[in-house]
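Here the structure is laid out as structure tokens; the discussion comes afterwards.
The values are calculated or read from the model by the stated rules, or taken from the named source; none is laboratory data. Everything numeric here is computed off the predicted structure, so don't read it as measured data. Note that each Cβ is placed from the backbone with ideal geometry, even for glycine, and that neighbours are counted across all protein chains shown. The protein model used for the area step is the full one, side chains on, heavy atoms only, and it has no ligands, DNA or RNA in it. Shrake-Rupley method; radii C 1.70, N 1.55, O 1.52, S 1.80 Å.
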Amino acid sequence: MSIPLELYPSQDDLLYEEEILRNPFSLKLWWRYLIARNESPFKKRSVIYERALKALPGSYKLWYAYLRERLEIVRNLPVTHSQYESLNNTFERALVTMHKMPKIWVMYLQTLTEQKLVTRTRRTFDRALCALPVTQHDRIWGPYLYFVSQRGIPIETSLRVYRRYLKFDPTHIEDFIEFLVNSELWQEAAERLAGVLNDDRFYSIKGKTKHQLWLELCNLLTSHATEVSGLKVDAIIRGGIRKFTDEVGKLWTSLADYYIRRGLFEKARDVFEEGMTTVVTVRDFSVIFDGYSRFEESVLAAHMESLDIGDEEENNQDKEEKDERFDTKVSLAKFTYKTLHGFWCNDDNDVDLRLARLEHLMDRRPELANSVLLRQNPHNVEQWHRRVKLFEGNPTKQILTFTEAVRTVDPMKAVGKPHTLWISFAKLYVEHNDIANARVIFDKAVQVNYKTVDNLASVWCEWAEMELKHKNLEGARELMRRATAEPSVEVKRRVAADGNEPVQMKLHKSVRLWTLYVDLEEGLGTLESTRAVYERILDLKIATPQIIINYASLLEEHRYFEDAFKVYERGVKIFKYPHVKDIWVTYLSKFVKRYGKSKLERARELFEHAVEMAPADNAKPLYLQYAKLEEEHGLAKHAMKVYDQAAKALPDKEKLQMYEIYIARAAEFFGVPKTREIYEQAIESGLPSEDVKTMCMKYADLEKSLGEIDRARAIYIFSSQFADPRSDNDFWSRWHDFEVQHGNEDTFREMLRIKRSVSASYSQTHFILPENLMQKDSRLNLEETVDTLKRAGVPEDEMANLERQLAPAAQDNSTRRLGFVSAGVESQSGVIRTPDGGRKVVADQDAIELPEDDDDDEEGDKEVEIAQRDVPAAVFGDLAQKVAEEVGEDGDARKRESDSKLGALERMKRHKKG
């Protein structure tokens, strides 16, 4: 065989050839030679590779590089090319020495897999597994499983490979199961999956839970019921139902689906019914019920479709009939069909029956859903009542339901009121006029040990009301006697020894029972029997304030007034506030109405005791009632003392209202001047700021009505500290109107100054005038200064500050305005603020400093007339009328009468001159 010339070593290769000749077994030299001829054609390089491998057949590096280059050569060639066969031969030659190298095996196996050489590839995989140690088998099994999972590989081959692999690594059984499912091998897939679920040590490498695997098995068994055999499907699914309670509905439908696919429709219905009667959640019930209804609808639709097809075939058949009984050649099945055809029991046209079955299922849904809720909690009273309503119109079913309910519900565990079941049960018999059985139910109901006494008392009361409705009055009274009877000593001893005290032992202290008993005795019994019941209630110490009031009212109706008052006395000793409030109010009003002023001292003692015991929040009605007593039957001074005591004792939020009442009553009895003391007391009593301001405004209005302008102004000055000009516009507008009507320029400026001062105190802001404005001439007219500041854009607050500083200088040149009265600002201590900023002490604080005649007035000698007003009659109260009655028509009386008609200002002038 001739070798082409290009494959021979060239002149450049001589250097490498000489080195190799000297040392042909050096891998380094051969590798340098290959690197140097990296750009040479593969044929030349292959010669070098072959020569090197002949000298070094055990070199993994040479074999790996040679095989990689040969793989690159055939990468883009079709698998039928001859180069693939040459490559395979090279791999075989390499594996002679490289059979322990898994990388060489993997490269060879992947190449064979791409060539679709099934048998050769399978055998090569087996050779690799035999040649390599077990610790390196996992590198072979991955490509092996990929190979057998390809299309075209015989299924039996794949199964055998997978089974061998599971012996090597059993944890990958999920992959095998997935392969079986994809290959539609349902039987083995179900068996393998069942084996996994039975293995307690199994751990899913895919993160699946036992529950997910169980659902997969159930879905597999039900979806392929006819293909899977040998497994106890019913037992498997029921085991899952017992073990996994969160998907019970789905498992029940899966079991029913299994029987449906097997054609066992009646068995499927039994499974559906069993599932609906055992699940405990509404969600599971809904899943089962929906599956059941769909099944019935599908069966009905399929049956109707088959009937339509059968009718068409029957119409196309020949209608001639022949007696088959004499035909010896007919089969037994055909003879049976011909004989029973048309018989009602063998009628296939049972559409009506199937429709009735579906309608019955739909009608039962509310009852079945209620059963689910009762299985969740059989002691739910409300659900039992709803169940009874479902059977409305069917008394028998309702009675059976009530019977089951009262047997099932434990009063100690009940959710709701268990006694209502007994009451409704008895009322059911009453509605059907069966009073005897209703009494039997009530008699059993009162023997049940309820959780609370009120439940048992409700049963007794309902029983008594039933007797009353049916005109059995004495029977109702007798029931109340039985219910309120105290247990005997022997019974108490027996219960104490037992250690479990039933509610029947406490029933005789039920207020509800005694209240009904008292009502029955009042309506049906005598006064003595009724009083005995009331006394028994008081002895048991279970009386309520309303019972005390009712007892006293009963005695008053029968004119036992002193006994009624004794009952009130017992009531106020038993109860504390706030419960005793109604008893005190009723007691005092009844006592005053009964005795009036005949027992005034006793009434006063009662009121004193009542207000002494009452807390401040509840004492107001008692004080008002006490004051009304003194006004109507006692002395006015005593009434004033009561009002004064009330105003001091009541809480701050009620003091203002009480002072208003106090002032109104004092003005009515003793005249308006008497109210000054009360106003001052109210202002100094510690009222809230808002109430103090309100009281001051009313006080100022009073002084203004009496003509005491300076006193009113002093009150406004005092109350200004409680009025924020930014929010309380009403106060400042009223003071403004007051100064416009009764003041002068000085007092008006003083009001403005106080307003600015109060505003600054509330806003906590300081104002500083500019230096150039501080240096202006103080004799400058104030109005001109204000106009100048406005034109200059100075803020109003700064203008107000300037006005306050310029006021003393401006007052000398100011012109007096007609209608203003000159007056100082008098404080409560008797000090008058003069216009120049000084102070003057007034000896008589009640007197008003009148201005002297001003001869230098711009108006000349023209006098200013001062309007005078008569003193209001309210000032003197009832005193004026008494004086008019006592004094005759002599001269002194006329003089006093004439003096009384003078105005306040004129009288004070005369007093000053005298």
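Mind giving me the nanometre distance, one decimal, between the label points for LYS573 and LEU21, set 7 Å out from Cα along Cα→Cβ?
About 14.6 nm, to one decimal.
Can you list the residues, at least 5 places off or on another chain, whose amide H is less than 5 Å from the amide H of ASN380, using H built in the peptide plane?
The list, which skips near neighbours in sequence, is VAL415.
Given a 1.4 angstrom probe, I'd like the percentage of the accessible area of segment 343-499 that is carbon and sulfur, rounded to a whole number.
51 percent
Highest mean first, how do 418-429, 401-412 rank when packing is the count of other Cβ atoms within 10 Å averaged over residues?
Listed from highest to lowest mean packing, they are 418-429, 401-412.
Kindly flag which residue pairs out of LYS397/LYS469; LYS566/LYS653; LYS267/LYS389; LYS648/LYS674; LYS243/LYS389 have an alpha-carbon separation exceeding 29 Å in this structure.
LYS566/LYS653; LYS267/LYS389; LYS243/LYS389
Show me 250-257, 690-697 ranked by packing, highest mean number of other Cβ atoms within 10 Å first.
250-257, 690-697
Which of rounded, prolate, oblate describes segment 466-586, given a ≥ b ≥ c as roots of the alpha-carbon gyration tensor eigenvalues and a/c under 1.5 marking rounded, otherwise prolate only if a/b is larger than b/c?
On the way: a/c = 2.40, a/b = 1.34, b/c = 1.79.
Oblate shape, in that a/c is at least 1.5 and b/c is the bigger or equal ratio.
Once the Cβ-Cβ distance between LEU635 and TYR560 is put in as r, and R0 is 41 Å, what FRET efficiency do you end up with, to the nearest 0.05?
Details: r = 32 Å, r/R0 = 0.79.
It comes out at approximately 0.80.
For a Förster distance of 56 Å, can you work out the FRET efficiency between the beta-carbons of ASN394 and LEU538, rounded to the nearest 0.05?
Here the calculated transfer efficiency is 0.65.
What FRET efficiency do you get for ASN198 and THR119 if R0 is 45 Å and r is their Cβ-Cβ distance, rounded to the nearest 0.05?
Efficiency, from the Cβ-Cβ distance: 0.75.
How many nm is it between the label spots at ASN182 and GLN721, if each spot is 7 Å from the Cα in line with the beta carbon?
Placing both labels 7 Å beyond Cα along the Cβ direction yields 9.6 nm.
With θ set to phi - 60° and the Karplus curve 6.51 cos²θ - 1.76 cosθ + 1.60, what are the ³J(HN,Hα) couplings of segment 352-359 in order, to the nearest whole Hz, using x for Gly and Pro?
4, 5, 5, 5, 5, 5, 5, 5
What list of ³J(HN,Hα) values in whole Hz, one per residue of segment 207-218 in order, does the Karplus curve 6.51 cos²θ - 1.76 cosθ + 1.60 (θ = phi - 60°) give from phi, with Gly and Pro shown as x?
Ordered by residue, 3J(HN,Hα) equals x, 7, 8, 4, 5, 5, 5, 5, 5, 4, 5, 4 Hz.
At ALA65 and GLU382, where each label point lies 7 Å from the Cα along Cα→Cβ, what is the point-to-point distance in nanometres?
Roughly 8.7 nm, to one decimal.
Which percent of the accessible heavy-atom area of segment 180-280 goes to carbon and sulfur, probe 1.4 angstrom?
Ligands and nucleic acids excluded, carbon and sulfur give 49 percent.
Would you mind getting the accessible area per residue of segment 456-597, heavy atoms of the protein chains only, 1.4 Å probe, in Å²?
Dividing the accessible area of segment 456-597 by its residue count gives 52 Å².
Counting only heavy atoms of the protein chains, get the accessible area per residue of segment 634-758 (1.4 Å probe) and round it to a whole Å² value.
Heavy-atom SASA per residue in segment 634-758 reads 42 Å².
Could you please state how large a percent of the accessible area of segment 545-689 is carbon and sulfur, counting protein chains only and using a 1.4 Å probe? Write out the running numbers ahead of the final one.
Numbers: 3630 of 7250 Å².
Percent of accessible area from carbon and sulfur atoms in segment 545-689: 50.
To the nearest 10 Å², what's GLU367's accessible area with a 1.4 Å probe?
50 Å²
What whole-number value in Å² describes the accessible area per residue of segment 83-201 for a 1.4 Å probe?
Ligands and nucleic acids excluded, the result is 51 Å² per residue.
Could you rank VAL134, VAL106 by how accessible they are, 1.4 Å probe, largest area first?
So, going from the largest accessible area down, we get VAL134, VAL106.
Which of THR526, ILE537, ASN550 sits closest to the plus end of the dipole of segment 493-578, meaning its Cα is farthest towards the positive end, when Lys and Arg get +1 and Asp and Glu get -1 on the C-beta?
ILE537
Across all directions of projection, what mean area in square nanometres is found for the Cα convex hull of segment 1-101?
Numbers: hull surface 29.3 nm².
Hull-based average projected area comes out at 7.3 nm².
With the Cα gyration tensor of segment 185-286 giving a ≥ b ≥ c as the square roots of its eigenvalues, does the rule (a/c under 1.5 for rounded; else a/b larger than b/c for prolate; else oblate) give rounded, prolate or oblate?
Values: a/c = 2.38, a/b = 1.24, b/c = 1.91.
The shape class here is oblate.
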